[in-house]
Amino acid sequence: MGVVLDCLKGALGHIDDSFFISDLYASIEVRISKFFPDVTHTICCWHFYENMKKRFHIKDVASIMDKTARSYTELKYNRHMEELRNLQENAFNYVIEVGPHKWSRVHCLERMYRVMTTNVAEWINSCLKFARQLSMLTLVEFIRNMLQRWFYDRHRTAQSMHHQLTDASHLVILKHVEKCAYMTFNPVD
């Protein structure tokens with residue numbers, strides 16, 4: 001894994017607001033912090049939920065964690081955390097120990113947008129279906145080209161953004177604001 005991260009660091013250089021998403025394996029975090037000391041390491045929420053289900057054997061724990069992780073406001077986050085504490089105190093203590101800044105949208109210091117899972121890894125696996133039959137050197141070159149193109153396209157898109165949110169999210173908010181302009185409010189006695 002060290003060779004891959006070293007090559008990735010050489011190819012990418014330094015990119016502001018970048019982060020890694022992986023599962024909870026400590027060895028991955030150690031390697032990432034060695035090669036990318038200034039990059040935030042977050043946890044894939046899907047893997048986190050699955051670990052929570054296996055560890056605490058309560059189905060609702062994962063759904064509460066999903067709501068908690070995706071909360072946009074501190075108020076909703078606190079409400080869901082209290083719900084988790086009431087359901088399973090040990091699960092509550094576990095997620096606090098792991099660190100909300102690694103899995104919570106509200107507490108993550110980086111601009112995560114909607115990226116909270118390792119679906120990118122699943123996408124890469126599907127892209128490599130044909131390439132796996134190639135020789136190792138050709139496969140590595142194929143992966144390098146694919147990732148370089150992918151990172152370049154996303155980096156260019158991110159650099160062209162004019163808002164704090166993605167363009168699609170900004171349009172959704174503008175539509176809601178436009179609807180609000182035509183609302184009427186009646187006084188309450």
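The values are calculated or read from the model by the stated rules, or taken from the named source; none is laboratory data. Keep in mind it's a predicted model, so treat the numbers as computed, not measured. Ideal geometry is used to build each Cβ from the backbone, glycine not excepted, and the neighbour counts take in all protein chains shown.
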All-but-one check, N51 against (1) part of a helix (DSSP H, G or I); (2) touching a residue at least 24 places away in the same chain (Cβ under 8 Å); (3) under 30 Å from L139 (Cβ atoms); (4) under 17 Å from the mean Cα position of the chain (by Cα), failing number (3)
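What number of residues within region 13-28 are touching a His at 6+ places or on another chain (Cβ under 9 Å) and under 15 Å from V3 (Cα atoms)?
Here is the first cut: in region 13-28, the ones touching a His at 6+ places or on another chain (Cβ under 9 Å) are 15, 19-24, 28.
Now restrict to residues that are under 15 Å from V3 (Cα atoms): 28.
Looking only at that region, the number is 1.
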Give the residues of region 77-95 that are farther than 13 Å from M52 by Cβ and either without any contact (Cβ under 8 Å) to a residue 12 or more places away in the chain or not assigned by TED's automatic domain parsing to the domain that holds A26 (or both), sorted by residue number. N78, R79, E82, R85, N86, E89
Select from region 64-75 the residues that are surrounded by 14 or more Cβ atoms within 10 Å (Cβ to Cβ) and either among the hydroxyl-bearing types (S, T, Y) or in contact (Cβ under 8 Å) with a residue 24 or more places away in the chain (or both) and list them in ascending order. M65, T68, A69, R70, S71
If we ask which residues in region 128-148 are part of a helix (DSSP H, G or I), at pLDDT below 85 and of a type in the set (D, E, K, R), their number turns out to be 1
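Out of all the residues in region 17-27, is one or more of a type in the set (D, E, K, R) and surrounded by 13 or more Cβ atoms within 10 Å (Cβ to Cβ)? Break it down stepwise before answering.
Applying the first criterion (of a type in the set (D, E, K, R)) to region 17-27 yields 17, 23.
Among the residues that remain, those that are also surrounded by 13 or more Cβ atoms within 10 Å (Cβ to Cβ) are: 23.
Within region 17-27, one or more residues are of a type in the set (D, E, K, R) and surrounded by 13 or more Cβ atoms within 10 Å (Cβ to Cβ).
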Give me the pairs: first residue in region 132-148 and at negative phi, second residue exposed (fewer than 13 other Cβ atoms within 10 Å of the Cβ) and assigned to a helix (DSSP H, G or I), beta-carbon distance under 9 Å, and six or more apart or on different chains, which are they? L139/R132; L139/Q133; R144/A11; L147/A11; Q148/A11
Residues located in region 130-151, provided they are surrounded by 14 or more Cβ atoms within 10 Å (Cβ to Cβ) and among the acidic types (D, E): none
Within region 24-48, restricting to residues that are in contact with a Lys or Arg (Cβ under 7 Å, 6 or more places away or on another chain) and either part of a loop (DSSP other than H, G, I, E, B) or free of Cβ contacts under 8 Å to residues at least 40 places away in the same chain (or both), the one that is nearest to Q88 (Cα to Cα) is F36
Can you pull out the residues in region 149-180 that are outside any helix (DSSP H, G or I), among the hydrophobic types (A, V, I, L, M, F, W, C) and more than 24 Å from L8 (Cβ to Cβ)? L165
